[in-house]
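Just so it is clear, none of the values below were taken in a lab; they were calculated from the coordinates. Because the structure is predicted, anything quoted here is derived from the model rather than measured. Here Cβ is always computed from backbone atoms with ideal geometry, including for glycine, and neighbour counts include all displayed protein chains.
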Amino acid sequence: MSISPSDPGTLSVNAEYFDGRSAKAHAVVLTLAGGVLSLRGTTIQRDDEITSLRVSEPMGLAPRLVSYPDGAHCEVRDHAGMNALLGATNFQDSWVVRLQDRWRWAVASVVIAVAAVVAGYYWGLPAASEWIAYRVPEKMLAQLGSGTMRVLDRAIFKPTKLTVERQLALNSAFAWLSAPGGKFKQLAAPGDERPSYNLLFRDGGAAGANAMALPDGTIVVTDQLIALAAHDEEIFAVLAHELGHINRRHGLRMLIQGSIVAFVVSWYIGDVSSVAAGLPTLVLQARYSRNHEREADEYGAAMLKANGISPRRLADMLAKLEASHRLKAEKREKQEDEPSIKRGGVGDYLASHPATRERIEALNSAQ
Ligand SMILES: [Zn+2]
């Protein structure tokens, strides 16, 4: 049955039609029957499934808009007439429900998207980074390590002032302590195998009393840290802790994690080359998580105990490092004209080793 506005008893409403191509308004009449919205004008007529159209919500005196998929639209100023037209077919209910559904979906999808990003960041990203960390080729690790060391040597460190004899003595004593088996059966690093490492001594410069592990297994100890130690066992305790970071590839994992974020961001911005250039900075800025520190402490404590050394040695050293860096930070506040690289997080032991107090307590009770 064809419906025309002239049919008696059929609800109709006046509207203005815009075809979406010109600004010209066409006076039309709308009717609704059998789910089809019919539009009749002097030169225009169209019939559309009401479900294919978008009808705006009533908003004060503003005209209701009926939008067609092809870009055309109708403006209806007769609100009462429009409500009657839509109400007669239950369309009102269905579009309100559809609108609410759409809202519910929009909110739900935003919540899901945010949850996915957060979950990805907290769980997916660390897991992916760990997986990658154990599959990075040795050659790449070596390049990363030497590149970082070059930056550190240029920007912060100076050559060590330790005598060659002292360096050799510390090196061989630690090699002996951390060797699996070896001369004394009880002297061993925990785990199946000792990670390969390379011990380097440097004057810490602005980094002060410090020790750090690079992704390739390089452990740097500063003269200032060695001077801070009251006993060589305290130095070995710090080295054992750093060996724990290397064993679990913590530095590399933080680096990969940071790189993934940097990579995604730069890919989005469209400049991936900057990630490669920023790698040494990422190595330096890597902040170990509390979890990583706990793992490294446990590794270090196990290694010390296996060698008959008390884990308190590590706790004592942590306390001294904290005191030393607090003093340095206080001095720094008085010298604000210092260049920013010296003030920055680079090599800041406290910044890269959070929750020191907590760790000291854990180590002291790990007897
Ligand atoms: Zn650490």
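Each peptide among 34-46, 130-142 gets the average number of other Cβ atoms lying within 10 Å of its residues, and from highest to lowest they stand as 34-46, 130-142. Among 105-111, 321-327, sorting by the average number of other beta carbon atoms lying within 10 angstrom of each residue, highest first, gives 321-327, 105-111.
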